[in-house]
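Report on one structure; see the data block that follows.
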Ligand code: BG6
């Protein structure tokens, strides 16, 4: 199966940090179909050799779990080509078509790793030069728009040119190993599913915490980002869907996406009072992380000194259906938090009548950890056997841990590699359908509206902490606490 893989935005951060390493890894893992060509394109005036040298320098600045050899890099670059062009111009679309038409590949993947404002014009242009025939698959990087209206406008333009099965909307969190394993745990085993409901689960907590700040993306993040658009509307709500969805009838893409859509449509709409009480918005000021001092968000390059952009947010969400009625789902994400961690914690209800001495109100917890490494942990109570006399016979928490590195070896597949392989295979199950995005935008729309009229709702937090204390107070009202506070 001959394939062509085209990256528009080929010298962008995403390209050298994630996309090219993902193709390279797939190549090294022998996972690319035979007879492939990879084209990168951007406005930079580079030729093929210069691009390869540029890429090599960037690869050298990355940390590789599996260091590569000269031979491997050289073999990879034999697939690579580069064209310098301005993709807002019709000549560029023609140049792209000419490159693709140099041969007749079975699959042509065009990855738009560019600003979403360019998506509509680009897709129209691709259609005009015939780069929308049945061989073509287009990958759209997030963010897909700025709000419901802009996302719909982009989608209309893209769908005027491409059929839905040709459109791959990326949410790289869906490609993470632990998210795959959450599906496997829930629907490949019979153990948890009977317990996976309001009768047994008290609350669910989803955290994506980063210790990094906005790095070099300050200007972009400040203008178009914020935690709501950068993380909540997409990654966080997709994780929520994976936890809360009903069992799909099969692993077919639409069967899975139909179930995720139902979750998004069942989210309890946020009233003005909910937004006051159950949505927290924060921004980091200067602080200390891992022994070093870091500047506040407003001091970052490219960020307005009076910015009200949120770098943290938390929501207490509810899902209005039989399975989840009354179960709070606490979602939080932020930059410059105490440590890099991402996990889904399912807190089960305490036993109805404790007969043993042990920690008060103990809850079994299932922790699906996505970062810094992949694992699934189940916390149970067991009788202590080797404790001091006073502790003997008491129940103490112990963990049943599944560490994927230990179970399956260290050769893991990164999210982007997994997703690119899926695109090449034409499998849409790990990609987001537009109606899901629409429903997610609808859910967050009242927050966007409310925040734009209420700058005072922004709470500052010190870098290196877990965000504004209000995010803890919100859980305390439900008698709950974030994992690090237990
Ligand atoms: C991206 C966001 O989608 O996800 C970034 O735009 C964020 O702001 C990143 O840092 C986090 O991804 P990961 O895989 O490093 O947790």
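Just a few scattered comments:
- All of (1) crowded, with 18+ Cβ neighbours inside 10 Å; (2) more than 16 Å from the ligand (Cβ to nearest atom); (3) modelled with pLDDT under 95 hold for residue 145 with one exception: (2).
- The helices (runs of 4 or more DSSP H) falling completely within segment 208-304 that include 2 or more residues that are at pLDDT 95 or above and within 13 Å of the ligand (Cβ to nearest atom) map to 237-244.
- Verdict on residue 5 being in a loop (DSSP other than H, G, I, E, B) and either in contact with a strand residue (DSSP E or B) (Cβ under 7 Å, 6 or more places away or on another chain) or exposed (fewer than 12 other Cβ atoms within 10 Å of the Cβ) (or both): no
- Filter result for the condition that a residue is surrounded by 14 or more Cβ atoms within 10 Å (Cβ to Cβ), without any contact (Cβ under 8 Å) to a residue 12 or more places away in the chain and either on the phi > 0 side of the Ramachandran plot or touching a strand residue (DSSP E or B) at 6+ places or on another chain (Cβ under 9 Å) (or both), over 328, 350, 354: 354
- Selection status of residue 407, away from the ligand (no atom under 16 Å from the Cβ) and more than 30 Å from residue 252 (Cβ to Cβ): no
- Between 21, 34, the distinction of being modelled with pLDDT under 95 and either closer than 19 Å to residue 420 by Cα or touching a strand residue (DSSP E or B) at 6+ places or on another chain (Cβ under 6 Å) (or both) belongs to 34 only.
- Test: residue 376 is touching a residue at least 40 places away in the same chain (Cβ under 8 Å), more than 16 Å from the ligand (Cβ to nearest atom) and either over 27 Å from residue 445 (Cβ atoms) or surrounded by 14 or more Cβ atoms within 10 Å (Cβ to Cβ) (or both): yes
- In segment 326-335, residue nearest to residue 238 (Cα to Cα) [restricted to those that are within 16 Å of the ligand (Cβ to nearest atom) and outside any loop (DSSP other than H, G, I, E, B)]: 331
- All of 472, 452, 457 fail the test of being in contact with a helix residue (DSSP H, G or I) (Cβ under 7 Å, 6 or more places away or on another chain), free of Cβ contacts under 8 Å to residues at least 60 places away in the same chain and on the phi < 0 side of the Ramachandran plot, apart from 472.
- Selection status of residue 189, away from the ligand (no atom under 11 Å from the Cβ) and either outside any helix (DSSP H, G or I) or modelled with pLDDT of 95 or more (or both): yes
- Scanning segment 192-207 for residues that are modelled with pLDDT under 95 and part of a loop (DSSP other than H, G, I, E, B) yields one hit, 192.
- Test result for residue 57, away from the ligand (no atom under 16 Å from the Cβ) and in a strand (DSSP E or B): no
- Test: residue in segment 336-357 that is away from the ligand (no atom under 16 Å from the Cβ) and part of a helix (DSSP H, G or I): no
- Screening segment 305-325 for residues that are away from the ligand (no atom under 16 Å from the Cβ) and assigned to a strand (DSSP E or B) and picking the one that is surrounded by the most Cβ atoms within 10 Å (Cβ to Cβ) gives 315.
- Any hit, segment 410-419, residues being without any contact (Cβ under 8 Å) to a residue 60 or more places away in the chain, surrounded by fewer than 15 Cβ atoms within 10 Å (Cβ to Cβ) and either under 29 Å from residue 168 (Cβ atoms) or within 16 Å of the ligand (Cβ to nearest atom) (or both): no
- Within segment 163-178, residues that are under 15 Å from residue 138 (Cα atoms) and touching a residue at least 12 places away in the same chain (Cβ under 8 Å) reach partners that are within 9 Å of the ligand (Cβ to nearest atom) and in a helix (DSSP H, G or I) with beta carbons closer than 7 Å, at six or more positions or on different chains, in the pairs 171/234; 171/235.
The values are calculated or read from the model by the stated rules, or taken from the named source; none is laboratory data. The shown structure was predicted, so the numbers you read here are calculated from the model rather than taken from an experiment. Note that each Cβ is placed from the backbone with ideal geometry, even for glycine, and that neighbours are counted across all protein chains shown.
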